[in-house]
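Okay, so here's the structure we're looking at.
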Amino acid sequence: MYTSEEIIEKTKDFVKITLENAEGGHDWFHIERVYKNALLISKKENVDLFIVSLGALLHDIADSKFHNGDESIGPQKARAFLLDINVDSEAIEHVVKIIENISFKGGNVSQNFSSAELDVVQDADRLDALGAIGIARTFNYGGFKNRKLYDPSIEPDLNMNKEAYKASKAPTINHFYEKLLLLKNRMNTKTGTQIAIKRHNYMKSFLQQFYSEWNGEH
Ligand code: ADP
Ligand code: NI
């Protein structure tokens with residue numbers, strides 16, 4: 001049997017290798033930031049740090065966006081890896097549930113599982129969608145998908161279901177209204193909310209400046 005520390009180290013190595021060629025917003029550095037955010041939020045929460053750590057490290061091990069929409073690969077990969085290093089089955093099932101339930105998907109999907117550990121990992125992931133990093137990741141993803149930066153004739157769509165959200169080809173600016181600016185009010189924890197508000201305000205001022213420049217103003 002491995003100690004918890006050894007399991008976490010082995011998981012980091014596994015994630016680094018698996019995400020070696022990942023898109024810039026969903027690579028090992030995203031995972032590392034989410035992991036750090038999760039540990040920070042956990043300081044004020046009553047959670048199992050082992051579960052939080054594994055959930056944060058494995059949450060994007062096979063994001064469905066990069067696997068033809070298949071949502072089962074990530075949980076499967078995580079389960080197989082954790083089984084392989086003899087993690088106990090209760091912990092494995094909890095981590096798998098976190099991976100299955102973390103994603104935004106347009107926000108109009110009801111979650112069928114809840115735990116304090118999921119709340120922390122979800123907040124940690126959401127924080128990395130906000131602020132300066134959030135802006136950088138969003139334009140990187142838009143570029144990866146060959147999206148327009150902005151098109152004033154295409155309005156944001158706030159009523160997308162999960163399928164429409166995933167299939168959207170809208171300009172990247174629309175993603176701010178369809179997801180990023182909604183996150184502040186959906187945070188689960190107090191620490192997460194406090195950080196989210198700061199990052200939210202930063203994005204609002206970015207958008208203001210963006211439109212000024214778009215319109216040939218200062
Ligand atoms: P989901 O929104 O499906 O839960 P993620 O949490 O993996 O997806 O999204 C992570 C980040 O990827 C987003 O915060 C954003 O920066 C980028 N991203 C995802 N979908 C889009 C999109 N349609 N347009 C621009 N960026 C996107
Ligand atoms: Ni993520």
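All of the numbers you see were taken from the coordinates with simple rules; none came from a lab. Keep in mind that this is a model prediction, so the values were computed, not measured. Every residue, glycine as well, gets a Cβ built from its backbone with ideal geometry; the counts of neighbours run over all protein chains shown.
Filtered by the rule that a residue be touching a residue at least 24 places away in the same chain (Cβ under 8 Å) and of a type outside the set (D, E, K, R), region 159-173 gives ASN159, MET160, ASN161, ALA164, TYR165, PRO171, THR172, ILE173. Scanning region 79-98 for residues that are in contact (Cβ under 8 Å) with a residue 24 or more places away in the chain and either in a helix (DSSP H, G or I) or of a type in the set (S, T, N, Q) (or both) turns up PHE81, LEU82, ASN86, ALA91, HIS94, VAL95, ILE98.
Residues of region 149-169 include none that is assigned to a helix (DSSP H, G or I) and within 14 Å of the chain's Cα centre (by Cα).
For region 112-150, a residue qualifies if it is more than 11 Å from ligand 2 (Cβ to nearest atom) and among the acidic types (Asp, Glu), and the qualifying residues are GLU117, ASP119, ASP123. For region 18-33, a tally of residues being more than 12 Å from ligand 2 (Cβ to nearest atom) and in contact with a helix residue (DSSP H, G or I) (Cβ under 9 Å, 6 or more places away or on another chain) returns 3. Applying the set (1) among the small types (Gly, Ala, Ser); (2) crowded, with 16+ Cβ neighbours inside 10 Å; (3) farther than 30 Å from ASN46 by Cα to SER103 leaves exactly one unmet item: (3). Answer yes or no as to whether ARG79 is near ligand 1 (Cβ under 10 Å from one of its atoms), of a type in the set (D, E, K, R) and buried (at least 16 other Cβ atoms within 10 Å of the Cβ). Considered against the rule, which asks whether it is near ligand 1 (Cβ under 10 Å from one of its atoms), of a type in the set (D, E, K, R) and buried (at least 16 other Cβ atoms within 10 Å of the Cβ), ARG79 comes out as no. Confirm whether LEU183 is in contact (Cβ under 8 Å) with a residue 24 or more places away in the chain, assigned to a helix (DSSP H, G or I) and either within 12 Å of ligand 1 (Cβ to nearest atom) or in contact with a Cys (Cβ under 6 Å, 6 or more places away or on another chain) (or both). Yes, satisfied. Filtering VAL15, VAL52, VAL34 for residues that are under 29 Å from GLY131 (Cβ atoms), touching a residue at least 60 places away in the same chain (Cβ under 8 Å), within 16 Å of ligand 1 (Cβ to nearest atom) and part of a helix (DSSP H, G or I) leaves a single hit, VAL34. Candidates are the residues of region 63-77 that are without any contact (Cβ under 8 Å) to a residue 24 or more places away in the chain and in contact with a helix residue (DSSP H, G or I) (Cβ under 6 Å, 6 or more places away or on another chain); the one that is farthest from ligand 2 (Cβ to nearest atom) is ASP70.
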